[in-house]
1. Identify which of 29, 276, 75 has the largest mean-square fluctuation in a Gaussian network model of the chain, with springs joining Cα atoms closer than 10 Å.
2. For the stretch 79-123 and the stretch 313-353, what is the separation of their C-alpha centers, rounded to whole Å?
3. For the pair residue 214 and residue 37, how long in nm is the line joining their label points, each one 7 Å along Cα→Cβ?
4. Assign one of three labels to the stretch 1-142, namely rounded, prolate or oblate, based on the Cα gyration tensor with a ≥ b ≥ c the square roots of its eigenvalues; rounded applies when a/c is under 1.5, prolate when it is not and a/b is larger than b/c, and oblate otherwise.
5. Taking only DSSP H segments of four or more residues, each worth -39500 (n - 2.57), what value at 222 nm results for the chain once the sum is divided by all its residues, to the nearest 500 deg cm²/dmol?
6. Please report 156, 120, 78 as a ranked list, fewest other C-beta atoms within 10 angstrom at the top and most at the bottom.
7. Could you list 306, 44 so that the one with the fewest beta carbons within 10 Å of its beta carbon is first and the one with the most is last?
8. Going by how many other beta carbons lie within 10 Å of each one, how would you line up 329, 134, fewest first?
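No value in this document is a laboratory result; all are computed from the given coordinates. Source: prediction; values computed, not measured. Neighbour counts run over all protein chains shown; Cβ positions are idealised from the backbone, glycine included.
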């Protein structure tokens, strides 16, 4: 595999994220630095740092971890509305400069506690129209000498970013990751993002999404390099297939005990999340090792579906996604630190061989 292989670092105020053991100082700089350095030592390229209001500020955490590492690339989740585009462009360019080109940016447009930080996103069409303008201004500030932009949601006049991001080969700025499965989100990705991130859908769902996005690139007249694709998913890896499924079933039992019951059908949620929840109706296991049960018990996001098996099983599954055109992978499992090392030792060599 020549793909980009990243992990996930929990950026949480409360301990115990997704079954993570509760330890003192779980969100201290020293503890999070152990994760980042373990990623370097184990051969991972970097890690996603999540965001939502009330959690530690993602950009601050990413900057601190970048300062304590040498190759670790933080994939920093940011929200239009919490950030202004010129502010984000300047902050990311500065971090990119200081780290020699290690900054990655994940634009998040989903709902959050907007009132808490004074944002009013409006309906879905409004949010994604604003996100498109946000991406346009950020990219232009990174790549053009002077930017004047008058949009419905954002504007800048005679804006100059004196310190540009690091240029390495064809790389001119931090990679812009983006997610979302609604039609509005896909149109933004096809026109303005660098990488569209998918949740852990089965192969046919990902193939369908890629075909749709490729068609949208043509329809919208994309002006940038072709859109790339990524997968964000939980990977439960053990020495043997049987051991992996035993571990997965133990995790599911603990999840069931903590939630008390399965989710009621018809729960309203984001389009991408709903696509994952609907998978359970097709079966508990899809594509040989894609486990759908966690989503029925309240697991969300990357924890909704899991790839379960030996390192060989999971490597084979990830290569099948790569065959579809997926070239960015953001994997994780808990305990995070233990799994960084286990999967770095057992899975990464198979993916890179």
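1. For the chain, modelled as a Gaussian network with Cα springs under 10 Å, the answer is 29.
2. The two parts, judged by their Cα centres, are 28 Å apart.
3. 4.5
4. In terms of gyration-tensor shape, oblate.
5. Details: 12 runs with 148 residues, N = 353.
Rounded to the nearest 500, it is -13000 deg cm²/dmol.
6. 120, 156, 78
7. 44, 306
8. Ordered by Cβ neighbours within 10 Å, fewest first: 329, 134.
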